[in-house]
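**Student:** Please see the structure below; I have some questions.
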Amino acid sequence: MTIKALLNPRSVAVLGASERASVGRGMVEALERIGFAGAVYPINPKYASVAGRNCYAGFRELPEPPDVVSFCIRSDGIIENLRAAAEHGARAAVIYDGGFAEIGHEGEAMQREIGGICRDAGMSLCGPNCMGVLNPPAHSTTFKQEVRNPDALIGNIALISQSGSVAASLLADLRRFGFSLVVSSGNEAVNDTASYIDFAVADPNTKVIATFTESVRNPDRYIAALDRAAANGKPVIVLKVGRSARVRAAITGHTGGLAGESRVFSEILKAHRAIEVEDLDELTEVLAACQGTRWPTGNGINVVTTSGGQAELILDVATSAGIPLRPLPAETREAVERDVGRVTGDGNPLDAWGRGDFRTATPEALRLLSENPATDAIVFCSSDSVDNQALGRAGREEDYAKLFAVAAAKSSKPHYFMSMRPGVLHSGQIHILAEAGVAVIGGTRQGLGAIERLARWNTPLAPVRASNAAPSPALATDRATINEFDAKKILSGYGLPVTRETFVTSADAAVAAANAIGYPVVLKVVADDIPHKSEHGLVAVGLRDEQALTAAFGDMQRRVAALGIPIAGYLVQEMVTDGVEVFAGVSRDPHFGLTIAFGMGGVGVEVLRDFALRPVPLREGDAEAMIEETRGAALLGAFRGRPAADKATLAQCLYALSDFAAVNSDRIEEIDLNPITARAKGCVIVDALIVPRRS
Ligand code: ADP
Ligand code: MG
C-alpha cells in the first residue's frame, strides 16, 4: 500500500529544492526542523548541495527510489517530472500547485493525465492544489509551511481537509489538542478523503478524525470509510461546505432539488454515525471535547456555575440551541439545598457558589451531581479567563482548575471545564485539567453542543430494517410514469393502505362503481402521461350523486379530448372527508441513492419545504422521529375538537414504503404519495405516482 509512503514516508525527495529562499528550500528545512529521521533527497540539476544536504540532478541519480516526492515546482513542469518519478520507482507524490480541475476544462484534462500516471504506476498522490501532509508523531512533513514548534503539533486528531487554509487555521491553535496526521488533500486526483479516513482508522496514534470537505469523490467508498471508523470507535467529524445554494453552485455548478443535496448528505452522515458540524467553532469544540479521557454515554448534561446570571444565560443559550439541560431530580435538589445552598430555578445550571465558602460548596455540589444517575456529563463554568489577566487574584484561575480536577478524579462521569465564550482560554487551566484527563471547552452553544454531539455519537444506532418482500415485476417496465391506479395496486401488494376505487372506461360503468363504493365519490383521469391530474382539471371531488358524477364524466371527456393526450380510462374513488393530508415520497440522490421524505401535504412540502428525510432503508425508530421532526407535525395533534391523527399507523405506512423502495431500489427513480390522509384511526393513500428507473 503506497498510501503509507505518502502519509508516513521513510524518504522524501524534494523536487525543486534550491539554495535561495523558495518552497523547495523551505521543505528541506522543514524536514530538518521536524526531526525527520529518514532520507531527504533534494533534486535540482543546478546545485550540488541544498541547505547542507547532497543535491541530486534528477530521479535517476538518487541512491534509491524515494517513498514520496514533494513537487516544489510550477504546474507546467509537473507532468513530465511525474512520469520520471514514476519511472524511477517513486511510491507517492505531493503536488501543491493549482491550475488543474479547479480552473475548468484544460486543467481537468491535465489532472486526469496526472491521475492516470499515478494509477498506472500504483503511486499515491496528495493534491494537486493542496498544502501536503504533516505527520507530527512520525516527525515527517511534506506540508507547505515552515515548522516552528514540532512537539506542540503532536496529538490524537487526524485532520483531512480539502482546503489548505482551513487546515492551517485549525493548526494555528494548539492549546487544547494536537494532531496525529494532517492531510491537505486539495483536488484529490488520486487519493481521496475516504482513503485518508481508512488510513487514520488503522493508525494507532489517531483517536478522532476531522474532515473539511467540499465534494465527496466516491460516495460508496466514503460511506464504507465512515462505517469502518464507527466500527473502530473513532468518531469522524465532518464540516462540509455547500449548505447554501450559492456555495453549491460555486463548488459543483448545479443546485439541489427538493431533497437538497446538503440535506441528503447530512442524513447520510447521521445514518453512518459521523458527527456533522456547521462551522470551525463547532468543529474545534468537538475536537476539544474528545480530549477528555471519559466520553459521555447519554445527553444528561448538568452545568455548575458560580453565578446566577451566568446560569440564566447558559440556560437560555442552550435551550435555543436545542441542547437539553434537564432539571435536577427532587432528591438531588433536596440534597443540594441541605448541603450547598438555596437552589434557584430548577437547578440546571446550578449556581453552586453556596452559603459560605465556595471551596467547600462547589465540590459538594459536584459530588451530588455525580451521584445523580440521570447525569451523564458534568460541566463547570467558572469565570472566563485568559493568560495575563489584568484583574483578579493571581492564582485564582489555577485554583478553580485544581478544584475541578479533584472533583473529576473522584467521579466516574466525564467532566468538562467550560468558558462562556469560544476561544477565551487560560493555558494554566488547560494544563492542569489535561493532566487530570478533563477536556476544556469554550462557548456555551459550541461547548455544550460538542458534548451533546459526542453523546449522540456514543449511542448505538438502531438496526436498519430488513425486508423479505420480493421485488415487483410491474416495475420492470419502460413506462415513463406509472399512473395512480397501477401505482396503488403495486403498493397495496406491499401492505400500503389505499383508497377504495374502480377503474372504468364509460359513464355507465362509473355510475355502477359509485353505487358500489357509495357517494360522495371522486372522479379522476387515469393516464401515465398526465402525472399531475389536477393541473388539467382532471380531478373532480365531492360528487354527491349520479347526476353530479355523469356531469363530471362528460366534462372530463371534453377536457381530455381538448388536451389530446392518450388516457387509459377513469377512476371512481371513495371520497375521503376526514383527517389531515400528509406527504410521503421517495427520490433518488445522484450520489447517495434513494431517500425517503415525509411532510405535511399541500404547501407543507412544496412551499415551506418542511419535510423530514432519511436514506432508504429506514432504521427502526426513524419513521416516528421523522413525523415528529417536521414543524407541521403539530397539525397532527388534537386541535379544536378535531381528533389527533393516528401517528403510529402513519409510521407503519412509512416503514412499508421504505421496505417497498428498498427491495425495488434498482427499479425506482421516484415515488410520490401526495396526499396520504392521516385519520384518527389509520391512514389512506389518496394519490400515488411511481417513476420507474429505466435500466
Ligand atoms: P394530482 O395528480 O393533481 O396530484 P390528486 O389525486 O392528488 O391529483 O388530487 C388532487 C387533490 O384532490 C388531492 O390533493 C386531494 O386534496 C383531493 N383528492 C383527490 N382524491 C381525493 C379523495 N379520494 N378524497 C378526498 N380528496 C381527494
Ligand atoms: Mg396528488
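The values are calculated or read from the model by the stated rules, or taken from the named source; none is laboratory data. This is a predicted model, so every value here is computed, not measured. No Cβ is skipped: glycine too gets one built from the backbone with ideal geometry, and neighbour counts run over all protein chains shown. The protein model used for the area step is the full one, side chains on, heavy atoms only, and it has no ligands, DNA or RNA in it. Shrake-Rupley method; radii C 1.70, N 1.55, O 1.52, S 1.80 Å.
**Student:** Whether any residue in region 17-28 is of a type in the set (Ser, Thr, Tyr) and open to solvent by less than 30 Å² (accessible area, probe 1.4 Å) is what I want to check.
**Tutor:** Taking every residue of region 17-28 in turn, at least one turns out to be of a type in the set (Ser, Thr, Tyr) and open to solvent by less than 30 Å² (accessible area, probe 1.4 Å).
**Student:** As an exercise: evaluate ALA21 against (1) modelled with pLDDT under 95; (2) part of a helix (DSSP H, G or I); (3) of a type in the set (Gly, Ala, Ser) and give the number of the one condition it does not meet.
**Tutor:** (2)
**Student:** Report, by residue number, each residue of region 99-113 that is in a helix (DSSP H, G or I) and out of contact with any helix residue (DSSP H, G or I) (no Cβ under 8 Å at 6 or more places or on another chain).
**Tutor:** Hits for region 99-113 are GLU102, ILE103, HIS105, GLU106, ALA109, ARG112.
**Student:** Here is a further query. Specify the residue that is surrounded by the fewest Cβ atoms within 10 Å (Cβ to Cβ); the eligible residues are those in region 548-603 that are within 16 Å of ligand 2 (Cβ to nearest atom) and either free of Cβ contacts under 8 Å to residues at least 24 places away in the same chain or on the phi > 0 side of the Ramachandran plot (or both).
**Tutor:** In this case the residue turns out to be VAL603.
**Student:** Turning to a different aspect of this structure: Could you look through region 452-469, keep only residues that are part of a loop (DSSP other than H, G, I, E, B) and over 20 Å from ILE596 (Cβ atoms), and pick out the one that is least open to solvent (accessible area, probe 1.4 Å)?
**Tutor:** Step by step, filter region 452-469, then rank; the result is ASN458.
**Student:** Only residues that are among the acidic types (Asp, Glu) and away from ligand 2 (no atom under 16 Å from the Cβ): list them for region 657-695, please.
**Tutor:** Hits for region 657-695 are ASP659, ASP666, GLU669.
**Student:** Mind listing whichever residues of region 501-518 are of a type outside the set (A, V, I, L, M) and more than 17 Å from ASN483 (Cβ to Cβ)?
**Tutor:** Answer for region 501-518, where residues must be of a type outside the set (A, V, I, L, M) and more than 17 Å from ASN483 (Cβ to Cβ): SER506, ASP508, ASN515, GLY518.
**Student:** Where in region 175-252 are the strands (runs of 3 or more DSSP E), entirely inside, with at least 2 residues that are at negative phi and out of contact with any strand residue (DSSP E or B) (no Cβ under 7 Å at 6 or more places or on another chain)?
**Tutor:** Correct list: empty, since no element meets the threshold.
**Student:** Might you let me know whether region 359-375 holds any residue that is open to solvent by 40 Å² or more (accessible area, probe 1.4 Å) and touching a strand residue (DSSP E or B) at 6+ places or on another chain (Cβ under 9 Å)?
**Tutor:** Checked region 359-375: at least one residue is open to solvent by 40 Å² or more (accessible area, probe 1.4 Å) and touching a strand residue (DSSP E or B) at 6+ places or on another chain (Cβ under 9 Å).
**Student:** Out of THR550, THR595, report the one residue that is of a type in the set (Val, Ile, Thr), part of a strand (DSSP E or B) and away from ligand 1 (no atom under 12 Å from the Cβ).
**Tutor:** The conditions single out THR595.
**Student:** Moving on. Is it fair to say VAL525 is in contact with a strand residue (DSSP E or B) (Cβ under 7 Å, 6 or more places away or on another chain), within 16 Å of ligand 2 (Cβ to nearest atom), over 28 Å from ALA633 (Cβ atoms) and open to solvent by less than 60 Å² (accessible area, probe 1.4 Å)?
**Tutor:** Taking the combined requirement at face value, the residue satisfies it.
**Student:** Report yes if some residue within region 677-686 is outside any helix (DSSP H, G or I), away from ligand 1 (no atom under 16 Å from the Cβ) and open to solvent by less than 30 Å² (accessible area, probe 1.4 Å); otherwise report no.
**Tutor:** No, that holds for no residue.
**Student:** Here's a follow-up. Could you give every pair whose Cβ atoms fall below 6 Å, whose first residue belongs to region 665-689 and is touching a residue at least 12 places away in the same chain (Cβ under 8 Å), and whose second residue is of a type in the set (Lys, Arg), counting only separations of at least 6 or pairs across chains?
**Tutor:** Close Cβ pairs (under 6 Å, with a partner that is of a type in the set (Lys, Arg)) amount to ARG667/ARG693; ILE668/ARG693; GLU669/ARG588; GLU669/ARG693; ALA688/LYS488.
**Student:** Could you identify the single residue in THR213, THR142, THR193, THR206 that is in contact (Cβ under 8 Å) with a residue 40 or more places away in the chain, among the hydroxyl-bearing types (Ser, Thr, Tyr), closer than 27 Å to ARG263 by Cβ and touching a helix residue (DSSP H, G or I) at 6+ places or on another chain (Cβ under 9 Å)?
**Tutor:** From the options THR213, THR142, THR193, THR206, the qualifying one is THR213.
**Student:** Looking at region 42-81 only, could you name the residues that are open to solvent by 20 Å² or more (accessible area, probe 1.4 Å), hydroxyl-bearing (Ser, Thr, Tyr) and assigned to a strand (DSSP E or B)?
**Tutor:** SER49, TYR56, listed by residue number.
**Student:** List pairs: first in region 153-171 and assigned by TED's automatic domain parsing to the domain that holds ALA200, second in a helix (DSSP H, G or I) and surrounded by fewer than 21 Cβ atoms within 10 Å (Cβ to Cβ), Cβ under 7 Å, 6+ apart or cross-chain?
**Tutor:** ILE154/PRO137; SER169/LEU280
**Student:** Same structure again: Can you list residue pairs whose Cβ atoms sit under 6 Å apart, with the first residue in region 524-547 being in contact (Cβ under 8 Å) with a residue 24 or more places away in the chain and within 7 Å of ligand 1 (Cβ to nearest atom) and the second being of a type in the set (Val, Ile, Thr) and assigned to a strand (DSSP E or B)? Count only pairs 6 or more apart in sequence or on different chains.
**Tutor:** Final answer for the pair search is LYS524/VAL539; LYS533/VAL525; LYS533/VAL539; VAL541/VAL522.
**Student:** Same structure, new question: Is it fair to say LEU654 is of a type outside the set (S, T, N, Q), away from ligand 2 (no atom under 16 Å from the Cβ) and either crowded, with 21+ Cβ neighbours inside 10 Å or closer than 21 Å to GLY632 by Cα (or both)?
**Tutor:** yes
**Student:** Just give me the residues in region 529-547 being surrounded by fewer than 19 Cβ atoms within 10 Å (Cβ to Cβ), within 16 Å of ligand 2 (Cβ to nearest atom) and not in a strand (DSSP E or B), in sequence order.
**Tutor:** Hits for region 529-547 are ASP529, PRO531, HIS532, SER534, GLU535, HIS536, GLY537.
**Student:** On to the next question. Could you please tell me which pairs satisfy a Cβ distance under 6 Å, a separation of 6+ or placement on different chains, a first residue in region 371-384 that is modelled with pLDDT under 95, and a second residue that is open to solvent by 40 Å² or more (accessible area, probe 1.4 Å)?
**Tutor:** The qualifying pairs are ASP384/MET420; ASP384/ARG421.
**Student:** Filtering region 510-519 down to residues that are out of contact with any helix residue (DSSP H, G or I) (no Cβ under 8 Å at 6 or more places or on another chain) and open to solvent by less than 40 Å² (accessible area, probe 1.4 Å), which residue is nearest to ligand 1 (Cβ to nearest atom)?
**Tutor:** Only one residue fits best here, namely ILE517.
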